[in-house]
Amino acid sequence: MSTSPEGVKLDVTILGSSDAFCSGGHPHASYLVETRQATFLVDCGPTVLLALKRQPIDTASLDFVVISHMHGDHFGGVPFLLLEYIYERPRTRPLTIYGPPGIAARVWTLMRALYPDVLPEKLGFELAFVELLPERRVTVADVEMHPVRVPHQDEDVSLAICFTSGGKRLLYSGDSPWDDRFIDLARGVDLFLCECTAYEDPMGRHIQWTTLKPLVPKLECKRLVLIHLGRDMRAHCAEIGVECATEGLKIST
Ligand SMILES: [Zn+2]
Ligand SMILES: [Zn+2]
């Protein structure tokens with residue numbers, strides 16, 4: 001694990017780089033972020049336990065969880081993580097899940113569908129939810145989160161999030177179609193994890209490579225890594241000249 005001379009740390013490990021379909025056999029969206037004072041998940045797809053244990057990363061090391069939006073491939077792993085903390089790695093310290101408005105109700109609705117017997121009082125630890133509101137900055141330990149609403153959904157809120165720690169900055173697009181605000185948001189960041197689900201055929205409200213390609217020179221980030229890769233996009237990763245995420249890739253900014 002590397003740290004800069006000043007002792008600042010913002011490291012990202014790719015846990016899952018696929019779209020909703022586990023294209024190419026890759027796990028769903030999930031990223032481990034480590035700073036000097038915090039270790040946390042950004043998104044928590046259904047395959048999150050598989051992805052963590054393959055590294056391996058001790059599930060007990062997670063201080064908190066951040067959810068960009070409430071699509072299944074981004075938060076469907078939360079019930080399994082909570083189950084892990086009841087049975088496999090019994091947790092006593094509190095856990096906070098940060099996510100868009102409505103996150104608590106959606107997680108408990110999901111939990112009731114999957115494991116109806118798991119009630120809040122059975123967790124054995126305090127589970128808290130904090131709603132991330134667009135443009136409302138939240139600081140946790142040495143991490144500042146700046147959520148920005150992106151046009152991925154109409155009613156539910158989808159967020160891109162800029163994380164800052166000790167002057168290091170990570171921009172996470174979440175799921176989103178291209179939005180020109182990414183040019184401003186990416187300026188000067190150490191790492192931009194930018195979704196690029198499709199290669200050339202539009203795939204819902206997502207970014208496709210043929211849209212992103214001419215914009216790459218405008219992205220003044222220090223490192224650009226494409227994530228949330230669909231089947232066709234994955235097939236072109238070797239030839240596009242921009243780095244594509246793969247599991248286990250650890251990026252020290
Ligand atoms: Zn997704
Ligand atoms: Zn989505």
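Please treat every number below as a calculation from the coordinates, not as lab data. Small disclaimer: the values here were computed from a predicted structure and weren't measured. Cβ: placed from backbone, ideal geometry, glycine included. Neighbour counts: every protein chain shown.
The alpha carbon centroids of segment 182-253 and segment 104-133 are separated by 33 Å. Relative to the longest principal axis of the Cα atoms of the chain, the long axis of helix 103-114 lies at roughly 70 degrees. Note on the chain: with charges restricted to the Cβ of Lys and Arg (+1) and Asp and Glu (-1), its dipole about the Cα centre is near 440 debye. Near residue 192: Cβ cut-off under 14 Å, other residues only, Lys/Arg at +1 and Asp/Glu at -1. The net charge is +1. FRET efficiency for the pair residue 218 and residue 8, taken as 1/(1 + (r/R0)^6) with r the Cβ-Cβ distance and R0 = 22 Å, rounds to 0.25. Shape summary: the chain maps onto an equivalent ellipsoid whose semi-axes, from the alpha-carbon gyration tensor, are 27, 20, 18 Å in decreasing order.
Applying 1/(1 + (r/R0)^6) with R0 = 25 Å to the Cβ-Cβ distance of residue 86 and residue 138, what FRET efficiency is obtained, to the nearest 0.05? Step by step, r from the Cβ atoms, then E = 0.40. For segment 47-106, the fraction of alpha-carbon pairs lying more than 15 Å apart is 50 percent, rounded to a whole number. A Förster radius of 35 Å, combined with the Cβ-Cβ distance separating residue 54 from residue 180, puts the computed FRET efficiency at roughly 0.45. The Cα-based radius of gyration of segment 113-152, divided by its Kirkwood radius, gives an Rg/Rh of 1.15.
Of the cross-linked pairs 9/53; 53/122; 9/122; 53/168; 122/250, those separated by over 30 Å at the C-alpha level are 9/122; 122/250.
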